[in-house]
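First the structure, in the form of structure tokens, and then the observations on it.
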Amino acid sequence: MKTSPRLEQAITKLYLAFHRGALHPECCKSCAVGNICDNTDTWNYLTESHGSLKLSYLGILNENLGRKIFGYSPKELLQIEFIFLKGCGYNLPLVRGSKRPENPTNKDLLFNGLCDTVEFLCKLDHIPNVMDYSKLFEFVNDTPKYKLPHFVN
């Protein structure tokens, strides 16, 4: 399957952050978008609050100018972060008193957030979800419909 450079880079960065323990939903440099943006917090100025889909004045300006940040528009970056945080179990936007997970760096929690995020990243690029393994379990007459090339005897 052919993927875009931005998708490849985003998934690679998220994969590395997850496995290195460098993914933290509440830190704007270590969250999903923070990692996609090379652990900078400049994307945070595009919104009024972490986890909000509302662009700030600076976000609107950059969106209207057609600017891309690591291949994504300001609006797309806010959507990516929103989906990641929702998948991790947050009530959004993140404000004082918002529902938050007890352990935000729990691997299962982060994995759930990343699954939702990767699915959305694929939708943005109009390709099937690269994490969808459901086809592996399709069958016809009690035999697998598809074979795994790496495991075929």
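The values are calculated or read from the model by the stated rules, or taken from the named source; none is laboratory data. Keep in mind the model is a prediction, meaning the values are calculated, not measured. So basically every Cβ, Gly included, is an ideal-geometry build from the backbone, and we count neighbours across all protein chains shown.
In the set 8, 76, only one residue is free of Cβ contacts under 8 Å to residues at least 12 places away in the same chain and within 28 Å of residue 133 (Cα to Cα); that residue is 8. The requirement of being closer than 18 Å to residue 33 by Cα and among the hydrophobic types (A, V, I, L, M, F, W, C) is fulfilled somewhere in the stretch 122-140, by at least one residue.
Looking only at residues of the stretch 13-32 that are over 11 Å from the mean Cα position of the chain (by Cα) and outside any loop (DSSP other than H, G, I, E, B), we find that the one that is surrounded by the most Cβ atoms within 10 Å (Cβ to Cβ) is 17. Cβ separations smaller than 7 Å between residues 6+ apart or across chains give the following pairs from the stretch 101-112 residues that are surrounded by 12 or more Cβ atoms within 10 Å (Cβ to Cβ) to residues that are assigned to a helix (DSSP H, G or I) and not acidic (Asp, Glu): 101/109; 110/18; 112/87.
Note on the stretch 1-12: among residues that are of a type in the set (D, E, K, R) and assigned to a helix (DSSP H, G or I), the one that is surrounded by the fewest Cβ atoms within 10 Å (Cβ to Cβ) is 8. Taken over the stretch 48-67, the residue count meeting the criterion of being under 17 Å from the mean Cα position of the chain (by Cα) and either closer than 17 Å to residue 35 by Cβ or not in a loop (DSSP other than H, G, I, E, B) (or both) is 2.
Checking 73, 49, 56 one by one, the residue that is of a type in the set (Gly, Ala, Ser) and loosely packed, with under 14 Cβ neighbours inside 10 Å is 49 and no other. Can you confirm whether the stretch 99-120 contains a residue that is outside any helix (DSSP H, G or I), among the aliphatic types (A, V, I, L, M) and either closer than 17 Å to residue 24 by Cβ or in contact with a strand residue (DSSP E or B) (Cβ under 6 Å, 6 or more places away or on another chain) (or both)? No, because not a single residue in the stretch 99-120 is outside any helix (DSSP H, G or I), among the aliphatic types (A, V, I, L, M) and either closer than 17 Å to residue 24 by Cβ or in contact with a strand residue (DSSP E or B) (Cβ under 6 Å, 6 or more places away or on another chain) (or both). Annotation: of all residues in the stretch 33-43 being under 14 Å from the mean Cα position of the chain (by Cα) and not in a loop (DSSP other than H, G, I, E, B), the one that is surrounded by the most Cβ atoms within 10 Å (Cβ to Cβ) is 33. Taking every residue in the stretch 116-135 that is free of Cβ contacts under 8 Å to residues at least 40 places away in the same chain and pairing it with any residue that is of a type in the set (A, V, I, L, M) and in a helix (DSSP H, G or I), at least 6 positions away or on another chain, the pairs with Cβ-Cβ distances below 8 Å are 116/83; 129/118; 131/118.
Screening the stretch 112-153 for residues that are over 20 Å from the mean Cα position of the chain (by Cα) and among the hydrophobic types (A, V, I, L, M, F, W, C) and picking the one that is modelled with the highest pLDDT gives 140. Taking the conditions exactly as written (touching a helix residue (DSSP H, G or I) at 6+ places or on another chain (Cβ under 6 Å), closer than 25 Å to residue 125 by Cβ and of a type outside the set (Gly, Ala, Ser)), does residue 75 satisfy them or not? Yes, satisfied.
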